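Below is one structure, written out as structure tokens; comments come after it.
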Amino acid sequence: MAPQTIDDLPTPALILDRAILSRNLKRMSERLRSAGVMLRPHLKTAKSVQIGRMAVEGHDGRITVSTLAEARYFAKGGFTDILYGVGVVPSKLAAVTELRRQGVNLRIVTDNLAVAQAIADAARNGTPSRSSSRSTAAPAEPDCPFPNCPACWTSRGSCTRRPASSSRAS
């Protein structure tokens, strides 16, 4: 028998007013656009490809997630520019590498020197090494003219910030 009232719904259940959602998404989009800010909505609450598509409508499709399971789900739904908005740990780098091999521009973050080294090792080798969680005195140096470039840690050594005519000074 179909639920008769809200109290009859099995929980957890999403109850969504599409008109309010659309109005809020439009307001968010307009505010960011007028401020010159790129939209990258966090979809951890929505957990819905359909709502994700609504959230990025009129923008370039970037999203943020909190788990690699969410990253896989949204990648299967067609999202290709995903920020994993939680500090990555070396044990997750194999999953990150696999998503990147599938064509997902999965961006990762860290604030830990040893993890940064593990990320650099994984980017160089195509997969994390067993020793990549070791502590180190200095991070690997990507081929980039910008010191401590965060883009290099997630772009497999091919910096997206590098000027076309620039070459690294020795």
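Label positions at Val49 and Ala69, each projected 7 Å from the Cα along the C-beta direction, are separated by 1.8 nm.
A simple count of charges around Ala55, restricted to other residues whose Cβ falls under 11 Å of its Cβ and scoring Lys, Arg +1 and Asp, Glu -1, yields +3. Between Asp17 and Arg33, the simple spin-label model (points 7 angstrom out along Cα→Cβ) gives 2.4 nm. Taking amide H as placed 1.01 Å from N in the peptide plane, the amide H of Thr64 sits under 5 Å from that of His42, Leu43, Leu83, each at least 5 places away or on another chain. In this label model, Glu98 and Lys26 are separated by 4.2 nm, measuring between points 7 Å along each Cα→Cβ vector.
No value in this document is a laboratory result; all are computed from the given coordinates. Here the structure is a predicted model, which is why all the values come from computation and not from measurement. Using ideal geometry, Cβ is built from the backbone for each residue, glycine included, and neighbour counts are taken over all protein chains shown.
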